[in-house]
1. Residues to consider are D71, D61; find the one that is open to solvent by less than 40 Å² (accessible area, probe 1.4 Å) and among the charged types (D, E, K, R).
2. With respect to E398, is the statement that it is touching a helix residue (DSSP H, G or I) at 6+ places or on another chain (Cβ under 9 Å), modelled with pLDDT under 95 and within 24 Å of L12 (Cα to Cα) true?
3. Give the residues of region 74-95 that are open to solvent by 80 Å² or more (accessible area, probe 1.4 Å) and within 18 Å of R132 (Cβ to Cβ), sorted by residue number.
4. Could you look through region 363-394, keep only residues that are in a loop (DSSP other than H, G, I, E, B) and touching a Ser or Thr at 6+ places or on another chain (Cβ under 6 Å), and pick out the one that is farthest from M300 (Cα to Cα)?
5. Enumerate the pairs (first residue in region 169-195 and under 20 Å from V238 (Cα atoms); second residue anywhere and in a loop (DSSP other than H, G, I, E, B) and within 13 Å of ligand 2 (Cβ to nearest atom)) with beta-carbon separation below 7 Å, excluding pairs fewer than 6 apart on the same chain, so at least 6 apart or on different chains.
6. What number of residues within region 183-206 satisfy the criterion of being farther than 19 Å from D223 by Cα, of a type outside the set (G, A, S) and open to solvent by less than 30 Å² (accessible area, probe 1.4 Å)?
7. In this structure, is V259 of a type outside the set (D, E, K, R), farther than 30 Å from L376 by Cα and either open to solvent by less than 10 Å² (accessible area, probe 1.4 Å) or within 15 Å of ligand 2 (Cβ to nearest atom) (or both)?
8. Considering G276, G291, G282, which residue is within 11 Å of ligand 1 (Cβ to nearest atom), part of a strand (DSSP E or B), touching a residue at least 12 places away in the same chain (Cβ under 8 Å) and not acidic (D, E)?
Amino acid sequence: MISVQDGQNQILHQLAEATSPEVVAITRARDRVLAEDLPAPFDVPPADNSAVDGYAVASDDVPKTSTRELDVIAELVAGAVFAGTVGSGQAVRIMTGAPMPRGTDTVYPQEVVERRGDRLSVGTIAKGANVRKRGEDVRAGTIAVERGRVLRPQELGLITSLGHWQVLVHRRPRVALMSTGDEVVEPGTPRKPGQIYDANRFALRGSIEQSGGEVIDLGIVADVRDELRARLLEAAEVGDLVVTSGGVSVGTLDLVKDVLGEIGAIDFWQVAMQPGRPLAFGRIGAAHFFGLPGNPVASMLAYMLFVRPAIYKLAGRRRLFPAMAEATAVEAMSKKRGRREFKRGVVRWQNGRWEARTTGPQGSGILSSMAAGNCLIVLEEARGDVAVGETVLVELFE
Ligand code: AMP
Ligand code: MG
């Protein structure tokens with residue numbers, strides 16, 4: 001038996017380098033992983049500018065008390081630059097985003113002044129009010145986005161604010177995926193008694209895509225030695241990772257074990273977790289091999305715990321594990337000490353706190369528990385049964 005964490009460490013230890021970088025247009029870069037540190041070539045914003053529509057003045061002209069009159073000498077729209085210098089007693093009408101005219105450092109919002117013709121009556125205001133400072137967003141030369149960051153919409157905007165229209169990202173890790181089992185048939189085809197439709201390949205496909213991997217779908221392979229061997233060899237040719245489900249539990253045909261022994265190297269693990277104890281991990285040629293359990297919940301969970309961090313590492317990501325949060329159990333939960341248990345749960349903000357309950361029956365074949373849930377409730381090894389009101393860790397589904 002090995003712990004979840006030892007398994008994760010052993011797997012991550014085997015993965016040396018991230019995939020090679022490639023250039024993509026910024027319009028195709030969402031959810032990709034940046035492969036280089038991105039320094040800002042200039043200050044953003046490039047100049048002090050107005051945060052409001054109003055009047056730019058020198059703070060020396062701001063009255064300490066009462067009001068005073070100023071002359072409006074020009075109008076400045078965003079995108080225009082004021083050529084001259086604003087002198088004492090003068091103001092420039094300025095629009096949001098327009099660079100501050102030379103000689104000014106403070107902006108009156110238009111709502112707080114009174115204008116008659118070219119005369120402006122102003123009251124008191126703090127020095128520097130309503131001015132966005134040059135470089136307050138990003139300073140020239142600093143790293144605006146670090147390598148290993150996943151490019152979310154906000155990073156895309158930040159990058160284009162620096163003038164870049166393409167970025168260097170890691171190639172998506174390629175994951176060759178197949179289901180095993182004589183009983184497993186393709187959805188959309190007739191099903192004979194004793195057969196089940198393939199759930200794992202589609203749940204895993206979605207999971208891999210969600211993690212930023214590229215799926216190479218190798219279909220369903222029967223529990224026939226020569227077929228499995230041929231399909232695995234093919235998979236190792238095309239995938240950085242090879243992922244199968246089924247055929248790794250004790251008492252089944254144990255084909256995966258035999259075949260991997262012939263064409264690669266493999267470890268069989270009993271992981272101290274529930275659901276999803278059996279896991280095979282090894283190599284076929286240059287590809288890393290993951291043999292996930294056949295039960296649908298177990299295969300998804302094993303994916304999240306062991307394959308996803310591997311894909312993340314290959315993809316060059318910095319953060320390999322999802323954020324956890326604390327919630328209050330509003331339902332008693334059974335828990336065996338000595339293993340990590342993952343209940344499918346629903347976490348909700350209620351009664352001024354995050355409350356967690358399970359989705360109901362937790363069998364490893366009950367895939368509807370994953371569909372009903374929005375999180376995993378993670379119960380650590382040392383823990384026993386959970387009583388109502390205790391704090392539990394939750395990991396939100398992506
Ligand atoms: P195995 O480890 O191959 O004995 O599979 C364990 C259980 O998972 C069995 O009940 C299988 O029928 C089921 N199973 C295996 N592969 C799939 C699949 N691709 N989709 C749905 N259930 C599966
Ligand atoms: Mg099977």
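1. D61
2. In short, yes.
3. Those that are open to solvent by 80 Å² or more (accessible area, probe 1.4 Å) and within 18 Å of R132 (Cβ to Cβ): V77, V81.
4. Only one residue fits best here, namely D385.
5. Pairs that qualify, where the first residue is under 20 Å from V238 (Cα atoms) and the partner is in a loop (DSSP other than H, G, I, E, B) and within 13 Å of ligand 2 (Cβ to nearest atom), are S179/D198; S179/G246; T180/D223; T180/G246; T180/G247.
6. Of the residues in region 183-206, 1 are farther than 19 Å from D223 by Cα, of a type outside the set (G, A, S) and open to solvent by less than 30 Å² (accessible area, probe 1.4 Å).
7. Judged against the criteria, V259 is a match.
8. G291
The values are calculated or read from the model by the stated rules, or taken from the named source; none is laboratory data. Keep in mind that this is a model prediction, so the values were computed, not measured. As a convention, Cβ positions derive from the backbone with ideal geometry for all residues, glycine included, and neighbour counts pool all protein chains shown. Accessible surface areas use protein heavy atoms only, side chains included; no ligands, DNA or RNA. Shrake-Rupley method; radii C 1.70, N 1.55, O 1.52, S 1.80 Å.
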